[in-house]
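Since the structure comes first, as structure tokens, the remarks are kept for the end.
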Amino acid sequence: MIKHPAAIVALALLTALPARAETKGPVTDDNGVVEIPEGEPLMIGSFLALTGADAALGIDARRGIEIALDRVGATYKGHPIEISFEDETCSPEGGQTAATRLASNDQLVAILGPSCSGAARAGVPILWQHKFPVVGVGPTSPTLTDPARGPDFDGFVRVSFNDNATGKFAASYALKGAKTAATLHDGSTYGQQIVRTFEAEFKAQGGTIVAEEAVGPTDTDLRPVLTRIGTQKPDLLFAPLYVAAGAYLVRQREEVDGLKNTKLLATDPIMAPAFMTAAGKAAVDVKMVGIDFRPETLGPAYQKFVETYKSKYGEAPIAGFHAYGYDALGVLMAAIDKVAVEKDGELFIGRDALNKAIHATAGYEGLTGKLTCDHLGDCASPVYAVWQFTSGDAASYSLGTNPKRVD
């Protein structure tokens, strides 16, 4: 039977866990206890962008999760580990629907994801209403870990980076060759926040912002907006867009005379074969700010991971989120190991205890570096780089060569 999304939302809201202590077996927990009978699976939920133009973000992260699951033998203390994946479509609506579906299963211990910040803004509060701890895989918006975010995000941490740092790095890089800049975002939580950070840092370091524009995430004709930007003849255009809008931008900017001498700086959501397919030859020379995934930066464990990835999936990583998926499951399993209680073959996990253990993560050796979570849920210490596409052929996509690191 297929339930209407509205009905699923209503069901999830009606069945939210009560805000009182619960005792099961030897464990009492303020947010409830997950009881896993002998031989039954330890169940984890996940919501990622698995379809649409930005599917590479979620598929890449899912593969990282699956490799991490293989590493632990897909079992924990005699219980098979099962992961239930939902598609958040890199949108607020998708995040709400996916989170609501996950929240209806009270046997899930915790949630991995989402890929996108808009999905996190919509989905995490639903999940925390049911006291599911969430380990973010790809959402990078500063608002998600801001002190003013509110209690709806008390169960959220992320192993991905915070775009306060990304925006500052992008501005510093831009100022190496630009005195004036324009910005363009798509109205998403991610885009708006990183643009604001970029603008503030660019101005703080002496640059001038000459235009601030936005498009809709489904807009296909960006020429009017680009023409307005072109009248200001900025030295650089900072455009943190997703795949579809990013492809329209790089193709259509060539038609705007005022942008002929304007450099473009994008961000890692377009660092995927899907962007190259959509943009074609216009992808060549496009630069992006992203994490430095070179083996010499992340070390031999990452190189071994990449070889495993290639062997398992028949191709190199297809985006920049595989290592975050891997680390998210690793952080979660390490926290579970701290709080899970065994009795007579059964497993008992307190949700509040698990959430506190996740937030207490310190010095965890992940693929992306050493992870230590602060009280607001930021765990990463990223090293940034600037990448550049060398070809528009999607078949040639390979981190390190296409795109290659240029700074």
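Restricting segment 147-163 to residues that are among the small types (G, A, S) and closer than 21 Å to G330 by Cα leaves a set whose member that is nearest to the chain's Cα centre (by Cα) is S160. Answer with yes or no whether L347 is farther than 25 Å from R405 by Cβ, part of a helix (DSSP H, G or I), at pLDDT 95 or above and not small (G, A, S). Here the answer is no, as L347 does not meet what is asked.
Filtering P273, P269 for residues that are touching a Phe, Trp or Tyr at 6+ places or on another chain (Cβ under 6 Å), surrounded by fewer than 24 Cβ atoms within 10 Å (Cβ to Cβ) and either among the polar types (S, T, N, Q) or under 15 Å from A319 (Cβ atoms) (or both) leaves a single hit, P273. Against the criterion of being assigned to a helix (DSSP H, G or I), at pLDDT below 95 and within 21 Å of G366 (Cα to Cα), V331 does not qualify.
Can you work out which of the residues in segment 326-342 that are over 22 Å from the mean Cα position of the chain (by Cα) and of a type outside the set (V, I, T) is farthest from A110 (Cα to Cα)? My answer is E342.
For first residues located in segment 321-344 and in the same structural domain as L367 (by TED's automatic domain parsing), partners that are among the acidic types (D, E) and lie 6+ apart or on another chain with Cβ distances below 6 Å form the pairs F321/D60; H322/D60.
Evaluate segment 138-153: report whether one residue or more is under 25 Å from S104 (Cβ atoms) and hydrophobic (A, V, I, L, M, F, W, C). Yes - at least one qualifying residue is present in segment 138-153. With respect to (1) surrounded by 14 or more Cβ atoms within 10 Å (Cβ to Cβ); (2) at pLDDT 90 or above; (3) not assigned by TED's automatic domain parsing to the domain that holds G246; (4) not basic (K, R), the lone exception for L298 is condition (2). A single entry from G246, G216, G206, G258 fulfils the requirement of being touching a strand residue (DSSP E or B) at 6+ places or on another chain (Cβ under 9 Å) and not charged (D, E, K, R): G246.
Of the residues making up segment 103-136, those that are under 18 Å from the mean Cα position of the chain (by Cα) and assigned to a strand (DSSP E or B) are A110, I111, L112, V134, V135, G136. When segment 166-192 is filtered for residues that are out of contact with any His (no Cβ under 9 Å at 6 or more places or on another chain) and either assigned to a helix (DSSP H, G or I) or at positive phi (or both), the ones remaining, listed by number, are T166, G167, K168, F169, A170, A171, S172, Y173, A174, G187, T189, Y190.
Restricting segment 84-102 to residues that are assigned to a helix (DSSP H, G or I) and among the hydrophobic types (A, V, I, L, M, F, W, C), the residue that is surrounded by the most Cβ atoms within 10 Å (Cβ to Cβ) is A99.
Report, by residue number, each residue of segment 307-323 that is surrounded by 20 or more Cβ atoms within 10 Å (Cβ to Cβ) and assigned to a helix (DSSP H, G or I). Passing the criteria: Y309, H322, A323. Any chance segment 150-164 includes a residue that's acidic (D, E), over 14 Å from G45 (Cα atoms) and assigned to a loop (DSSP other than H, G, I, E, B)? Yes, segment 150-164 contains at least one residue that is acidic (D, E), over 14 Å from G45 (Cα atoms) and assigned to a loop (DSSP other than H, G, I, E, B). Is there a residue being of a type in the set (S, T, N, Q), assigned by TED's automatic domain parsing to the domain that holds K370, more than 18 Å from K287 (Cα to Cα) and in contact (Cβ under 8 Å) with a residue 24 or more places away in the chain anywhere in segment 121-133? Checking segment 121-133: at least one residue is of a type in the set (S, T, N, Q), assigned by TED's automatic domain parsing to the domain that holds K370, more than 18 Å from K287 (Cα to Cα) and in contact (Cβ under 8 Å) with a residue 24 or more places away in the chain. Here T361 does not fit the description of being surrounded by 14 or more Cβ atoms within 10 Å (Cβ to Cβ) and under 18 Å from V383 (Cα atoms). Scanning segment 346-354 finds no residues that are in contact (Cβ under 8 Å) with a residue 40 or more places away in the chain, touching a Pro at 6+ places or on another chain (Cβ under 7 Å) and not assigned by TED's automatic domain parsing to the domain that holds S141.
The values are calculated or read from the model by the stated rules, or taken from the named source; none is laboratory data. Predicted model, so just to flag it, every value in this text is computed and none were measured. Using ideal geometry, Cβ is built from the backbone for each residue, glycine included, and neighbour counts are taken over all protein chains shown.
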